[in-house]
1. Conditions first: (1) at pLDDT 90 or above; (2) under 24 Å from the mean Cα position of the chain (by Cα). GLY77 passes all but one, so which condition is the exception?
2. Exactly one condition in (1) surrounded by 14 or more Cβ atoms within 10 Å (Cβ to Cβ); (2) farther than 19 Å from PHE25 by Cα is false for LEU87; which is it?
3. Can you name the residue in the stretch 44-56 that is in contact with a helix residue (DSSP H, G or I) (Cβ under 7 Å, 6 or more places away or on another chain) and over 13 Å from ALA101 (Cβ atoms) and, of all such residues, is surrounded by the fewest Cβ atoms within 10 Å (Cβ to Cβ)?
4. Please determine, by comparing only the residues of the stretch 91-104 that are in contact (Cβ under 8 Å) with a residue 60 or more places away in the chain and surrounded by 14 or more Cβ atoms within 10 Å (Cβ to Cβ), which one is nearest to THR64 (Cα to Cα).
5. Anything in the stretch 5-26 that is in contact (Cβ under 8 Å) with a residue 40 or more places away in the chain and within 16 Å of the chain's Cα centre (by Cα)? List them, or say none.
6. For the stretch 41-50, how many residues meet the condition of being among the hydrophobic types (A, V, I, L, M, F, W, C) and under 14 Å from LEU90 (Cβ atoms)?
7. Go through the stretch 1-43 residue by residue and tally those that are closer than 23 Å to PHE82 by Cβ and either part of a helix (DSSP H, G or I) or touching a Cys at 6+ places or on another chain (Cβ under 9 Å) (or both).
8. Please verify whether LEU59 is on the phi < 0 side of the Ramachandran plot, in contact with an Asp or Glu (Cβ under 6 Å, 6 or more places away or on another chain) and either surrounded by 15 or more Cβ atoms within 10 Å (Cβ to Cβ) or at pLDDT 90 or above (or both), treating the condition exactly as stated.
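The values are calculated or read from the model by the stated rules, or taken from the named source; none is laboratory data. Please read these numbers as outputs of a predicted model, since none were measured by experiment. Because the Cβ atoms are built from the backbone with ideal geometry, glycine has one as well, and the counts that use them run over all protein chains shown.
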Amino acid sequence: MQIDVACDTIRGLYDSCHWRKLDKFLIPAVRRAGDGADGLLDQLDALSQAAADAMAAALRIVETAEPDGGGVAQFCGALELFCAALLERLEREERELFPVAGSVISGEDWFAIANQMLAHDAYQQESRNGEGPPRTGRGVVPRAERSHRVGPRVSYAH
């Protein structure tokens, strides 16, 4: 049971680190700027791949482990490799990537990135709340216009 929790945790951690806004918006902008950051970005990608490989190894060990508990040392070793690769990536992003991004991305592009991130947040929030995109068309009054209406709320009972 504990091993399943550990496997779910590393999957979730990997997904959280792999699908961050930094990966979706900032890194592509740094790549487009093309001012010699390719080496660093390739090294960061290699660290992500090392983490993915370690995670896959840990999951394979669990799938093929004998009921007597064999493979514990290998599983722990794979977890250590996974954590070390992700930690190194995060540290290098902080220490190396952010200063590079600050120097190669223009102020206008920073605002564009921020707008993309805000739009992404709004989309995710709507998805979490089960709301689709705002409805438009005949007879649909936008929320802002509905919110100022005065009058008692009426409940209809059948």
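1. (2)
2. (1)
3. The residue in question is ALA52.
4. GLU93
5. Result: ILE10, ARG11, LEU13, TYR14, CYS17, LYS21, LEU22, LYS24, PHE25, LEU26.
6. Matching residues across the stretch 41-50 total 3.
7. Of the residues in the stretch 1-43, 26 are closer than 23 Å to PHE82 by Cβ and either part of a helix (DSSP H, G or I) or touching a Cys at 6+ places or on another chain (Cβ under 9 Å) (or both).
8. No; evaluated as a whole, the condition is false for this residue.
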